[in-house]
Amino acid sequence: MKTTLTYYGHATFMLTHGDVSMVFDPFFTGNTWDKAKPEDITCQYIFVSHGHGDHYGDAEEIGKANDALLISTAEIANKAAEAGLRTHAMHLGGKYDFEFGSVRIVPAFHGAGIPGGHACGCIVDFYGTTLYFAGDTALFSDMKLLNRFGDIDYALLPIGDNFTMGVEDALLAASYIKARITIPIHYKTWPVIDKEPATYVALLEAKYKQAGLVVDPGSTITL
């Protein structure tokens, strides 16, 4: 059975394997890519990297509609639980096994978007495919350690600049992580992050001889 990845623009995507789906940073309402609405999403799991509105997004509506389990840092999980969602609280450095595989919470250098919290990324093993979702982050040297936990099949890295890494920093990040394929995200949602994903992929291949892939918002690929 194949695992698919659907990209909705910004930092929002979904992994699906058979009848099991996990949506990441479910920002649909207000997402200028406008590729789906919250009511279109069917999932059993939600992952949220931090509390900013363009990442926490529609987590509460989707979680309630699907009785989905929200996985995030303790502060985000507490916020979601107060809204009536089922949650699994984790934090930086933690790993937990789920039905689909596992989630390891890793640092992201960015605002938490919630009092007392910390932004994060994750390394998820989803039915045998290992994916690193960086969330919103600056470049940091400990990205060199991420593949010590095992080979990373796909890395989803922000390239938009201004709020996160830009193209040059994200190229260096990819050279640290050494994923089999790097997918740029978090670009062109607004003019201030108007970067070209195809340029990023071309530079990644030319400069570091690493494979990149542009996944157009609204499209689905097989992993």
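Read-outs: derived from the displayed coordinates by stated rules, not from any lab. Please read all numbers here as calculations on a predicted model, not as lab measurements. Using ideal geometry, Cβ is built from the backbone for each residue, glycine included, and neighbour counts are taken over all protein chains shown.
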Item checked: Candidate aspartates and glutamates - alpha carbon under 15 Å from K64, same-chain residues fewer than 8 apart omitted -> E39, D40, E82
Margin query: If you consider only alpha-carbon coordinates, what radius of gyration and Dmax does the range 3-215 have, in Å?
Written below: 15.7, 48
Check: Roughly what would the spin-label model give for E82 and D151, points 7 Å off Cα along C-beta, in nm?
Finding: 4.5
Next item on the list: Of the options I71, A59, I123, report the single residue whose Cα projects farthest towards the positive end of the charge dipole of the range 41-127 (beta-carbon charges: Lys, Arg +1; Asp, Glu -1).
Entry: I123
Note to self: Counting only other residues whose beta carbon sits under 15 Å from that of H17, what net charge do I get with K and R as +1, D and E as -1?
What the structure shows: -3
Item checked: Positive-pole candidate from M143, T12, I114, dipole of the chain, charges at beta carbon -> M143
Item checked: Length gained when the stretch K178-D142 is fully extended (0.36 nm per residue, less Cα-Cα span) -> 11.7 nm
Notebook entry, point to check: Which residues in the range 20-54 place their backbone N less than 19 Å from a point set 7 Å from the Cα of K2 along the Cα-to-Cβ direction?
Noted result: 20-22
Next item on the list: Give me the distance in nm between label points sitting 7 Å out from Cα along the Cα-to-Cβ direction at D40 and L92, one decimal.
Entry: 3.6
